[in-house]
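Working notes for the structure below.
The values are calculated or read from the model by the stated rules, or taken from the named source; none is laboratory data. For clarity, every value in this text was computed on a predicted model and none was experimentally measured. Virtual Cβ from ideal backbone geometry, glycine too; neighbours counted across all protein chains shown. Ligands, DNA and RNA are excluded from the accessible area calculation, which covers all protein heavy atoms including side chains. Shrake-Rupley method; radii C 1.70, N 1.55, O 1.52, S 1.80 Å.
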Amino acid sequence: MRWNRTLQVVGVHCEGEIGKVITGGVISIPGETMLDKMNYINEVDDSLRKMVTMEPRGCLQMSVNLLLPPTRPEAHAGFIVLQSDKAHPMSGSNSICVVTALLELGMVPMQEPITEVILDTPAGLVTARATCSNGRCVGVSLDMVASFVEALDRVIETEEFGPIKADIAFGGVYYALVDVEQIGLTIEPANARKLADFGVAIRNQVNRQFKVKHPLYPGIESVAYTMFRNRDNHPVYQTCTTLPPGRVDRSPCGTGSSANLASLAARGLVETGSKLTSQSIIGSEFNVELLGTTTVADKPAVLPRVQGRAWIYSIEQMGWDPEDPLAKGFMLSDTWGEAF
């Protein structure tokens with residue numbers, strides 16, 4: 001065995017969504033801020049992302065979180081979300097995975113019953129409060145980044161369904177929020193393949209027809225995901241976030257739930273103190289609360305709190321032989337879908 005790079009990777013899932021955490025083997029990524037580091041991965045060198053997310057070492061239905069030293073003194077750790085299309089600035093389920101790994105592996109001292117952990121992300125600081133008992137992290141609540149709406153009921157022309165309406169909102173990344181009845185489907189496991197394919201297609205069409213750019217963070221300038229939603233029974237919302245190249249989020253999606261909360265607030269359907277439940281396609285749940293309001297540049301924004309759980313299930317070492325011809329990774333349409 002002859003490796004020229006070795007990583008320690010912890011397997012974690014949050015409410016069914018895999019969010020592995022790289023805890024060792026990457027000393028640094030160039031850049032002064034976490035946003036700079038994310039942009040470096042996306043614009044200069046994405047070899048690490050490809051190696052850990054694509055086959056034969058990765059798989060479609062997961063993210064990999066790159067743990068890094070924080071760039072801001074008040075934070076305990078920094079991280080960047082690596083996915084099969086690119087590096088992303090923020091994710092609720094992945095934040096919960098990262099906090100759980102930091103505490104249960106002793107990287108941040110655990111204090112019972114509550115441990116506060118501050119994460120440095122490309123989208124800003126995220127404060128997590130972990131409920132801890134008997135050495136376990138049994139739940140994590142996240143004070144998410146300020147979330148806001150760019151457009152309500154934006155008409156998007158689609159090849160598959162003609163004109164549909166989408167709310168365009170930011171919850172850590174940008175979302176196209178689509179009421180699922182517009183595409184004639186329900187949010188359930190049997191429809192996962194169709195939802196994934198349609199969601200990625202709609203996201204691509206949204207980005208061709210509507211331009212976004214975060215007013216504070218250069219580089220966050222496209223809609224990352226489509227999230228289908230269905231108001232099941234107030235205050236329960238079914239959610240299904242679809243991720244390129246073609247899969248669905250197994251968790252209720254923290255950033256998507258934050259974007260949804262912003263759109264509900266913009267419609268006057270929720271107010272400070274309102275509490276909702278986001279339910280995923282497999283029935284797992286996040287609790288969502290509107291803590292207050294603020295502004296981002298000149299945009300009215302909400303301050304969401306999202307609560308969920310994560311579990312560590314593996315610890316592995318991953319390496320690369322310099323003679324491995326597949327070190328850059330690959331995708332095949334039988335698993336990754338036509339959109340890859």
Self-check item: Solvent exposure of the range 51-96 as accessible area per residue, Å², 1.4 Å probe
Solution: 26
Quiz item: Hey, what number do you get for the chain at 222 nm if only DSSP H runs of n ≥ 4 count, each worth -39500 (n - 2.57), divided across all residues, to the nearest 500?
Solution: -6000 deg cm²/dmol
Exercise. At 0.36 nm per residue, minus the direct Cα-Cα distance, what do Asp45 and Ser28 gain on full extension? Give it in nm, one decimal, please.
Key: 4.8 nm
Quiz item: In debye to the nearest 20, how big a dipole does the range 233-327 give about its Cα centre with +1 on each Lys and Arg Cβ and -1 on each Asp and Glu Cβ?
Solution: 600
Quiz item: Which number gives the lysine pairs in the chain that have C-alpha atoms under 22 Å apart and are eight or more places apart or on different chains?
Solution: 19
Self-check item: Heavy-atom surface of the range 186-335, accessible at 1.4 Å and reported per residue (Å²)
Solution: 45
Practice problem: Distance between Cα centroids, the range 206-278 to the range 58-83: provide it in whole Å. | Solution: 21
Exercise. Give me the distance in nm between label points sitting 7 Å out from Cα along the Cα-to-Cβ direction at Glu157 and Glu112, one decimal.
Key: 6.2
Quiz item: Do any trypsin sites (Lys or Arg not before Pro) in the range 112-171 lie in a DSSP loop with no more than 15 other beta carbon atoms within 10 Å, and if so, which?
Solution: none
Exercise. Just the number, please: carbon plus sulfur as a percent of the accessible area of the range 162-320, 1.4 Å probe, no ligands or DNA/RNA counted.
Key: 48
Quiz item: If you project the alpha carbons of the range 140-229 onto their three principal axes, what span does each projection cover, largest first, in Å?
Solution: 36, 35, 20
Self-check item: Computed E for Lys328/Cys59 - FRET, C-beta separation, R0 22 angstrom, nearest 0.05
Solution: 0.85
Quiz prompt | Listed residues Ala169, Phe286, Ala151: farthest to the positive end of the dipole of the chain (Cβ charges) | solution = Phe286
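Mind checking the per residue accessible area of the range 139-181 for me, 1.4 Å probe, whole number of Å²? Working shown, then result.
Working: 1340 Å² over 43 residues.
Normalised by residue count, the accessible surface of the range 139-181 is 31 Å².
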Quiz item: Which is farthest toward the positive dipole end of the chain among Val108, Leu269, Ala196, measuring Cα position about the Cα centre, with Cβ charges +1 (Lys, Arg) and -1 (Asp, Glu)?
Solution: Val108
Quiz item: With charges set only on the Cβ (+1 for Lys and Arg, -1 for Asp and Glu), what does the dipole of the range 101-235 come to about its Cα centre, in debye to the nearest 20?
Solution: 160
Practice problem: Just the number, please: percent antiparallel of the DSSP beta bridges in the range 226-340, rounded to the nearest 5. | Solution: 90
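Test of the criteria: in the range 45-149, which GluC sites (Glu not before Pro) are in a DSSP loop and have at most 11 other Cβ atoms within 10 angstrom of their Cβ?
Glu74
Hey, what's the Kirkwood Rh for the range 1-120 if you take every pair of different alpha carbons, in angstrom?
After inverting the mean inverse Cα-Cα distance, the result is 14.7 Å.
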Quiz prompt | Full-stretch length increase - Glu271, Leu185 - with 0.36 nm per residue and alpha-carbon distance subtracted | solution = 28.0 nm
Quiz item: Ignoring any ligand, DNA or RNA, what whole percent of the accessible area of the range 1-124 comes from carbon and sulfur when the probe is 1.4 angstrom?
Solution: 50
Quiz item: What do you get for Rg/Rh over the chain if you use C-alpha atoms and the Kirkwood form of Rh?
Solution: 0.95
